[in-house]
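J.: Got a structure here, written out as structure tokens. Questions coming.
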Amino acid sequence: MTGILIVDKPKDWTSFDIVAKIRRISGEKKVGHSGTLDPMATGVMTLLLGGATGFADLLPVHDKEYIADLKLGIITDTLDITGKVIENREFDISKEEFADAALGFTGEITQIPPMYSAVSVNGERLYKIARRGETAERPERHIKIEKLEILESDEKSGHFRIFVACSSGTYIRTLISDIGEKLGCGAVMTDLRRVKANGFTLSDSIGIDEIKGASQPCDIEKHLIPVDSAFQIYQGLTVSEAQARRFSNGGELFTDRLRDCKAKGLYRVYSPGGDFLGLGSNNGDGALRIVKVFVNK
């Protein structure tokens, strides 16, 4: 069974839980995902099954979109509401003041990953170090906040709901914590929902109730999205039968014999019958070189 499955991950399920559940129902041993979501988070999670797993590292790094809830006046060790409360602070923050502070975190900025995260430092996950009550020096990462807007606000209780469009690798709870520090009162994330990732949205997803009700591989297979759908940002290229055989066997193709392969970049390669063969790269040296051959099994 090969393809992409978009799951609307429920709260309190780990990414491993989702993978294990789909592996068990589908009977497909090769099941992976394009990036974890914290157990408290919900929303778009991209799973790859069978021959699609080989394309996990090649998925375009689309910007991601989230809807997050936060609470002012609280600081925890995990930067979200599930953690140990370190400090409570008074607050008197208007919607306008919050918006002004948030504006300073739009565009290209740097973040320090939270200690309770899956980032590795010297070969060890940060969350394992944090659970021992220790800290580690964490390198800054460059990210981009494309959009940050307030969806709902309750100034009296300090509850805000925000929409964030950001680059891959952004920690929303770190963003919220940093905004809280700028305001002087602190803040924690209380809820997180990813609404877009890898070019897919919630409208592409299957819900957990349908997953729980699935018992046969066909119950999952009918929701699979073709692998090449994740690479629509790249130009498609149809080759001849002879070229298709050569490409599928790992051989490069001469670009002067390919009518639609003049510009540099990645290409989706198809057989004359429309079968997806894989991804090729034109580096401008006269050859379309193999990036990844698609094996439908």
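Bear in mind these aren't lab numbers, they're just calculated from the coordinates by the rules spelled out. Here the structure is a predicted model, which is why all the values come from computation and not from measurement. Virtual Cβ from ideal backbone geometry, glycine too; neighbours counted across all protein chains shown.
J.: Which members of the stretch 77-91 meet the condition of being part of a loop (DSSP other than H, G, I, E, B) and surrounded by 12 or more Cβ atoms within 10 Å (Cβ to Cβ)?
T.: To start, the set of residues in the stretch 77-91 that are part of a loop (DSSP other than H, G, I, E, B) comprises 77-79, 81-84, 89-91.
Within the stretch 77-91, Asp77, Thr78, Leu79, Ile81, Thr82, Gly83, Arg89, Phe91 qualify.
J.: Taking the stretch 263-294 as the region of interest, how many residues are under 16 Å from Ile233 (Cα atoms) and touching a Lys or Arg at 6+ places or on another chain (Cβ under 8 Å)?
T.: 6
J.: Considering each residue of the stretch 89-129, count those that are touching a helix residue (DSSP H, G or I) at 6+ places or on another chain (Cβ under 9 Å) and among the hydroxyl-bearing types (Ser, Thr, Tyr), and give that number.
T.: Summing the residues that are touching a helix residue (DSSP H, G or I) at 6+ places or on another chain (Cβ under 9 Å) and among the hydroxyl-bearing types (Ser, Thr, Tyr) in the stretch 89-129 gives 3.
J.: Could you check the stretch 75-92 and list, in sequence order, the residues that are under 28 Å from Lys196 (Cβ atoms) and either over 22 Å from the mean Cα position of the chain (by Cα) or not charged (D, E, K, R) (or both)?
T.: Step one: filter the stretch 75-92 for residues under 28 Å from Lys196 (Cβ atoms), giving 76, 78-83.
Matches in the stretch 75-92: Thr76, Thr78, Leu79, Ile81, Thr82, Gly83.
J.: Let me ask something else. Looking only at the stretch 140-156, count how many residues are over 14 Å from Gln111 (Cβ atoms) and not in a strand (DSSP E or B). If you could, list the steps in order and put the result at the bottom.
T.: Within the stretch 140-156, the first condition is being over 14 Å from Gln111 (Cβ atoms), and the residues that meet it are 146-147, 149-156.
The next check asks that each one be not in a strand (DSSP E or B); those that pass are 155-156.
The total comes to 2.
J.: Also: Kindly provide the set of residues from the stretch 241-256 that are part of a loop (DSSP other than H, G, I, E, B) and surrounded by fewer than 11 Cβ atoms within 10 Å (Cβ to Cβ), ordered by number. Lay out the reasoning, then the answer.
T.: Of the residues in the stretch 241-256, the ones part of a loop (DSSP other than H, G, I, E, B) are 249-252.
Matches in the stretch 241-256: Asn249, Gly250.
J.: Please work out which residue is surrounded by the fewest Cβ atoms within 10 Å (Cβ to Cβ), limiting yourself to the stretch 186-207 and to residues that are of a type outside the set (Ser, Thr, Tyr), more than 13 Å from the chain's Cα centre (by Cα) and under 15 Å from Ile18 (Cβ atoms). Talk me through it step by step, then tell me what you get.
T.: At the first step, the residues of the stretch 186-207 found to be of a type outside the set (Ser, Thr, Tyr) are 186-189, 191-200, 202, 204, 206-207.
Within this subset, residues satisfying the condition of being more than 13 Å from the chain's Cα centre (by Cα) are 186-189, 191-192, 204, 206-207.
Keeping just the survivors that are under 15 Å from Ile18 (Cβ atoms) gives 206-207.
On the way: Ile206: 19, Gly207: 13.
Looking at residues that are of a type outside the set (Ser, Thr, Tyr), more than 13 Å from the chain's Cα centre (by Cα) and under 15 Å from Ile18 (Cβ atoms), I get Gly207.
J.: Here is a follow-up. From the set of residues in the stretch 94-150 that are acidic (Asp, Glu) and closer than 14 Å to Thr170 by Cα, which is surrounded by the most Cβ atoms within 10 Å (Cβ to Cβ)?
T.: Initial filter on the stretch 94-150 (acidic (Asp, Glu)): 96-97, 100, 108, 124, 134, 137, 140, 146, 149.
Those left that are additionally closer than 14 Å to Thr170 by Cα: 108, 140, 146.
Details: Glu108: 9, Glu140: 10, Glu146: 14.
Within the stretch 94-150, the match that is surrounded by the most Cβ atoms within 10 Å (Cβ to Cβ) is Glu146.
J.: I'm told Leu237 meets every condition in (1) of a type outside the set (Phe, Trp, Tyr); (2) more than 17 Å from the chain's Cα centre (by Cα); (3) under 14 Å from Lys21 (Cα atoms) except one. Can you identify the failing condition by its number?
T.: Unmet for Leu237, out of (1) of a type outside the set (Phe, Trp, Tyr); (2) more than 17 Å from the chain's Cα centre (by Cα); (3) under 14 Å from Lys21 (Cα atoms): (3).
J.: Would you check which residues across the stretch 15-41 are within 21 Å of Thr170 (Cβ to Cβ) and either acidic (Asp, Glu) or out of contact with any helix residue (DSSP H, G or I) (no Cβ under 9 Å at 6 or more places or on another chain) (or both) and list them?
T.: Passing the criteria: Ser15, Asp38, Met40.
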